[in-house]
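Colleague: Can you read through this structure? Questions will come right after.
The values are calculated or read from the model by the stated rules, or taken from the named source; none is laboratory data. Everything quoted here is computed from the prediction, not taken from an experiment. All Cβ positions, even for glycine, are placed from backbone atoms using ideal geometry, and neighbour counts span all protein chains on display.
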Amino acid sequence: MNKAEWMAQIRKVWDYTKALHVDEIFSGPVALEVSEDFKRVAVDPNSTYEDLYLIGLRESQYNILLRDYSFFQFGVGGNDGVRFAYYPNPFFGASKTAVAELTEMQEFVAEGIIDVDEFLHRASEVRRPQHPPLVRYDYALDQYVEATHPCSHLHLGFHGENRWAVRRYLTVTAFALLVFRLFYLEHWMTAELVRSGEQELTMDRLLEIAKTESRLLYANEFSEAEGRRFHLA
């Protein structure tokens, strides 16, 4: 994917967040290179998910911030590799109620009643019992090991060694739409139509298109043995 295609894909995701009414901040349609601090916390075995989430939020380590203060990262690696990630807000979850509560606190920040640090402190005190998991997608042909490291895979949760093999090379839009479909279903069911050329498409139709645009892996990326095992297709 060239730079222009990459930028167009991320802009589409931003359009989808607006149709879903979960849009907050669009930082830019470029491949994200996270900070050294973020990388350090990400690999530190003593760090918690909350530690990683908060440093990402404070340092604006995202392409797109959602209204519930979850965020997306879209990055690239060597040999046409990619790394996409969804970092959920560990304090509020992704429900419409959570979005409403955060909106009220954001208004306090805008009016100068509380500052950003106080906002984060109050958010961390809410601690709803459930929230979506961290979801990361990696495509890395140069790291491919048939038995242990699928070329294309998902990580679920704050555990780096679980890799769920995927038989497609996911696009930016496919990854984001999958996250929205799974974790923002209330918003998904009431989303506005999205214009595409002369058509106005539903979110489900956009997800179908994104799947077809995510090509199947070649033989050197996905073996016959992997095909006989469980995988996402």
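Colleague: Search region 1-22 for residues being more than 14 Å from Met203 (Cβ to Cβ) and in contact with a strand residue (DSSP E or B) (Cβ under 9 Å, 6 or more places away or on another chain), and hand back the single one that is surrounded by the most Cβ atoms within 10 Å (Cβ to Cβ).
Modeller: This residue is Ile10.
Colleague: Ok, one more. Inside region 168-215, can you point out the residues that are within 19 Å of the chain's Cα centre (by Cα) and assigned to a loop (DSSP other than H, G, I, E, B)?
Modeller: Tyr169, Leu170, Thr171, Tyr184, Ala191, Ser214
Colleague: Quick check: anything in region 149-160 assigned to a strand (DSSP E or B), buried (at least 20 other Cβ atoms within 10 Å of the Cβ), in contact (Cβ under 8 Å) with a residue 40 or more places away in the chain and in contact with a helix residue (DSSP H, G or I) (Cβ under 8 Å, 6 or more places away or on another chain)?
Modeller: Looking through region 149-160, none of the residues is assigned to a strand (DSSP E or B), buried (at least 20 other Cβ atoms within 10 Å of the Cβ), in contact (Cβ under 8 Å) with a residue 40 or more places away in the chain and in contact with a helix residue (DSSP H, G or I) (Cβ under 8 Å, 6 or more places away or on another chain).
Colleague: Then there is this: Only one of (1) within 25 Å of His159 (Cβ to Cβ); (2) touching a Ser or Thr at 6+ places or on another chain (Cβ under 6 Å); (3) of a type in the set (Lys, Arg) is not met by Arg58, so which one is it?
Modeller: Of the numbered conditions (1) within 25 Å of His159 (Cβ to Cβ); (2) touching a Ser or Thr at 6+ places or on another chain (Cβ under 6 Å); (3) of a type in the set (Lys, Arg), the odd one out for Arg58 is (2).
Colleague: Taking Pro90 as the residue in question, decide whether it is touching a Lys or Arg at 6+ places or on another chain (Cβ under 7 Å) and on the phi < 0 side of the Ramachandran plot.
Modeller: Against the criterion (touching a Lys or Arg at 6+ places or on another chain (Cβ under 7 Å) and on the phi < 0 side of the Ramachandran plot), Pro90 does not qualify.
Colleague: Contact list please: Cβ distance under 6 Å, first residue in region 13-38 and part of a helix (DSSP H, G or I), second residue surrounded by fewer than 16 Cβ atoms within 10 Å (Cβ to Cβ), pairs at least six apart or on different chains.
Modeller: These pairs meet every condition: Ala19/Glu192.
Colleague: Could I ask something else about it? For the subset of region 1-49 comprising residues that are small (Gly, Ala, Ser) and modelled with pLDDT of 90 or more, which member is farthest from Phe91 (Cα to Cα)?
Modeller: Ranking the candidates gives Ala8 first.
Colleague: Quick one: in region 39-61, of everything that is among the small types (Gly, Ala, Ser) and part of a loop (DSSP other than H, G, I, E, B), which residue is surrounded by the fewest Cβ atoms within 10 Å (Cβ to Cβ)?
Modeller: Checked region 39-61; the qualifying residue surrounded by the fewest Cβ atoms within 10 Å (Cβ to Cβ) is Ser60.
Colleague: State whether one or more residues within region 62-73 are surrounded by 15 or more Cβ atoms within 10 Å (Cβ to Cβ), modelled with pLDDT of 95 or more and not in a strand (DSSP E or B).
Modeller: Among the residues of region 62-73, at least one is surrounded by 15 or more Cβ atoms within 10 Å (Cβ to Cβ), modelled with pLDDT of 95 or more and not in a strand (DSSP E or B), which makes the answer yes.
Colleague: Suppose we keep only residues that are free of Cβ contacts under 8 Å to residues at least 40 places away in the same chain and closer than 24 Å to Arg167 by Cα within region 179-212. Which one would you say is surrounded by the most Cβ atoms within 10 Å (Cβ to Cβ)?
Modeller: Among those that are free of Cβ contacts under 8 Å to residues at least 40 places away in the same chain and closer than 24 Å to Arg167 by Cα, it is Ala210.
Colleague: Now for a different question. Return the pair list, or none, for Cβ contacts closer than 6 Å from residues in region 213-233 that are modelled with pLDDT of 95 or more to residues that are loosely packed, with under 14 Cβ neighbours inside 10 Å and among the acidic types (Asp, Glu), at least 6 apart or on different chains.
Modeller: Short answer, once both residue conditions are applied: Ser223/Glu146.
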